[in-house]
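Following: one structure in structure tokens, then a few remarks.
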Amino acid sequence: MTGLLGLPAFDSLPRRIRDAADSQILQVAARALARPDALRLYAGESDLPTPEFIVAAAAQAMREGHTRYVLSRGIEPLRDAIARYHLRTYDTPVQADRISVTVGGMQALSLTLQAILEPGDQIIVPVPVWPNIIEAARLVGAEPVLVREAFDEACGWQVDIEALLAAVTPRTRAIFINSPGNPTGATLTLAQLRRLLDHCRSRGIWIVADEVYNRMNHDDARHAPSFIPLIDPEDRVIVTNTFSKNWSMTGWRCGWVVAPRSMGPAWDNLLQYGSTGVTTFVQHAAIAAIDHGDEHIARMRSQIREARQVICDALASSPRARMAPPAGAFYLFFSVQGLRDSRQFAFDLLDATGVALAPGSAFGPQGEGWMRLCFGVSMPTLRTAAQRLVPFVDAWRP
Ligand code: PLP
């Protein structure tokens, strides 16, 4: 179809819109949909249902008439509940006036980037990384500067803080930190977060801290190291979070940011003009989730820890797999000897076994040669997937 000037409408869109990359994860998803028996380990979600008490709270809120416009930054009881969550989880008071409720963790990130980046600014991003952050930065005209994480079997995936700092230029406006990280599970220590914060404070650089996997740490601590206890209310740090992962609410689209207090009016506007806030009855359900969901989080944490053990033990039994148990999140990012085309490997694996994984190339060129498996799924699904995956890996040759 062509438009008025004889050009297809798509061609007349701004370059930054035309250039946005398609998600390679969705390409695998599309192929997996054609197979009803596929084991879907490509997505970043658990297959557990949202807990019933959260569903009930949403239904009740709808019946009570919570179906109308509310303040764009979120209803006060939810912002208060999120403040209470920070106090009890991080032993850190975070006042509700620093909190804004967003349409999932994704809008938390995209509005954060809109708020702090000018076209032409650079944002430093450790890679491999969840691709949405790269494309969201490009959509606002910024330039992502990619710094490779290191891998070895003994230490797993690690973000090199000194390499991040060495990548700083006069155009650097922000550094993106996703810890624990998707897809590698790399998790920064508190000392590393401090080092980064000190450096960014002295240079006026923003830190965008995506902490959506912060409760998915595989040691005994209550949470992975977080910026929350380290930052002052006016530090140039924005911490983004979501209800999606901890509370099994990916489809509900509710998240939040903790931002400097003085940005409050900016967040009013960003949310007013970005989405006019999150669905009202979802916000009421989110209060129930955050106030009464600690037991669910504890169960989820122990389940993914067990799942991590199961999948790592299974793959470690193959001499052809290259991997290390991830420090956090619910992904195993592994490689297979000779693997160069992860997209093709994903298709071949799916066709031969019904196991659907995300190709590493979906997480940037630095992820090529690797595969991402989400072990947040139920144990029977994971065990079946492992039983099919390991013989395939053993037998596979480039
Ligand atoms: N940040 C990271 C690192 C993620 O992996 C995801 C989802 O997979 C998000 C943010 C977005 O979360 P949400 O589904 O709440 O938008």
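The values are calculated or read from the model by the stated rules, or taken from the named source; none is laboratory data. The structure presented is a predicted model; accordingly, all values stated were derived computationally and were not measured. Methodologically, a virtual Cβ is constructed for each residue, glycine included, from the backbone with ideal geometry; neighbour enumeration extends over all protein chains shown. What goes into the accessible areas is simple: the full protein's heavy atoms, side chains included, and nothing from ligands, DNA or RNA. Shrake-Rupley method; radii C 1.70, N 1.55, O 1.52, S 1.80 Å.
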The conditions are (1) out of contact with any Ser or Thr (no Cβ under 6 Å at 6 or more places or on another chain); (2) within 16 Å of the ligand (Cβ to nearest atom); (3) in a loop (DSSP other than H, G, I, E, B); (4) not basic (K, R), and N241 fails exactly one of them. Which is it?
(3)
Checking the condition more than 18 Å from the chain's Cα centre (by Cα) and crowded, with 22+ Cβ neighbours inside 10 Å, which residue from L188, L196 passes?
L196
Restricting attention to the stretch 45-56, does a residue exist that is without any contact (Cβ under 8 Å) to a residue 12 or more places away in the chain and either open to solvent by 60 Å² or more (accessible area, probe 1.4 Å) or touching a strand residue (DSSP E or B) at 6+ places or on another chain (Cβ under 7 Å) (or both)?
yes
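Each row is one residue, and each column tells you yes or no for (1) β-branched (V, I, T); (2) within 23 Å of T381 (Cα to Cα).
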position	(1), (2)
Y273	no, no
V282	yes, no
A288	no, no
Q303	no, yes
A307	no, yes
A314	no, yes
A321	no, yes
Y331	no, yes
What are the pairs with Cβ atoms under 9 angstrom where one residue, in the stretch 249-268, is closer than 20 Å to A285 by Cα and among the hydroxyl-bearing types (S, T, Y) and the other, located anywhere, is within 16 Å of the ligand (Cβ to nearest atom) and outside any helix (DSSP H, G or I)? Sequence gap at least six, or different chains.
T250/A43; T250/G44; T250/E45; T250/S46; T250/T50; T250/T242; T250/F243; T250/S244
Of the residues that sit in the stretch 309-337 and are closer than 15 Å to A385 by Cβ and among the small types (G, A, S), which one is most open to solvent (accessible area, probe 1.4 Å)?
S317
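Scan the stretch 167-175 and give yes if some residue there is within 13 Å of the ligand (Cβ to nearest atom), within 20 Å of the chain's Cα centre (by Cα) and not polar (S, T, N, Q), otherwise no. Break it down stepwise before answering.
First pass over the stretch 167-175, keeping only residues within 13 Å of the ligand (Cβ to nearest atom): none.
Looking through the stretch 167-175, none of the residues is within 13 Å of the ligand (Cβ to nearest atom), within 20 Å of the chain's Cα centre (by Cα) and not polar (S, T, N, Q).
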Among the numbered conditions (1) of a type outside the set (F, W, Y); (2) away from the ligand (no atom under 11 Å from the Cβ); (3) surrounded by fewer than 24 Cβ atoms within 10 Å (Cβ to Cβ), tell me where G251 comes up short.
(2)
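Of all residues being among the small types (G, A, S) and modelled with pLDDT of 95 or more in the stretch 377-394, which is nearest to G44 (Cα to Cα)? Just the residue, please. Break it down stepwise before answering.
Residues of the stretch 377-394 that are among the small types (G, A, S), as a first pass: 378, 385-386.
After this cut, where a residue has to be modelled with pLDDT of 95 or more as well, the list is 385-386.
Numbers: A385: 16, A386: 18 Å.
Here the residue is A385.
Which is in contact with a helix residue (DSSP H, G or I) (Cβ under 8 Å, 6 or more places away or on another chain), more than 16 Å from the ligand (Cβ to nearest atom) and modelled with pLDDT of 95 or more, of H199, H223? Walk me through how you get there before you give the answer.
Details: H223 fails: more than 16 Å from the ligand (Cβ to nearest atom).
So the residue among H199, H223 that is in contact with a helix residue (DSSP H, G or I) (Cβ under 8 Å, 6 or more places away or on another chain), more than 16 Å from the ligand (Cβ to nearest atom) and modelled with pLDDT of 95 or more is H199.
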Enumeration of residues in the stretch 1-23 that are open to solvent by less than 50 Å² (accessible area, probe 1.4 Å) and in contact with a Pro (Cβ under 7 Å, 6 or more places away or on another chain):
S23
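Please work out if P233 is under 20 Å from the mean Cα position of the chain (by Cα), open to solvent by 30 Å² or more (accessible area, probe 1.4 Å) and touching a residue at least 40 places away in the same chain (Cβ under 8 Å).
Working: under 20 Å from the mean Cα position of the chain (by Cα): no; open to solvent by 30 Å² or more (accessible area, probe 1.4 Å): yes; touching a residue at least 40 places away in the same chain (Cβ under 8 Å): yes.
No, not satisfied.
Do we find that A266 is open to solvent by less than 50 Å² (accessible area, probe 1.4 Å), part of a helix (DSSP H, G or I) and out of contact with any Lys or Arg (no Cβ under 6 Å at 6 or more places or on another chain) in this structure?
Numbers: open to solvent by less than 50 Å² (accessible area, probe 1.4 Å): yes; part of a helix (DSSP H, G or I): yes; out of contact with any Lys or Arg (no Cβ under 6 Å at 6 or more places or on another chain): yes.
Criteria met by A266.
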Those residues of the stretch 340-361 which are open to solvent by less than 10 Å² (accessible area, probe 1.4 Å) and aliphatic (A, V, I, L, M) amount to A346, L349, L350, V355, A356, L357, A358
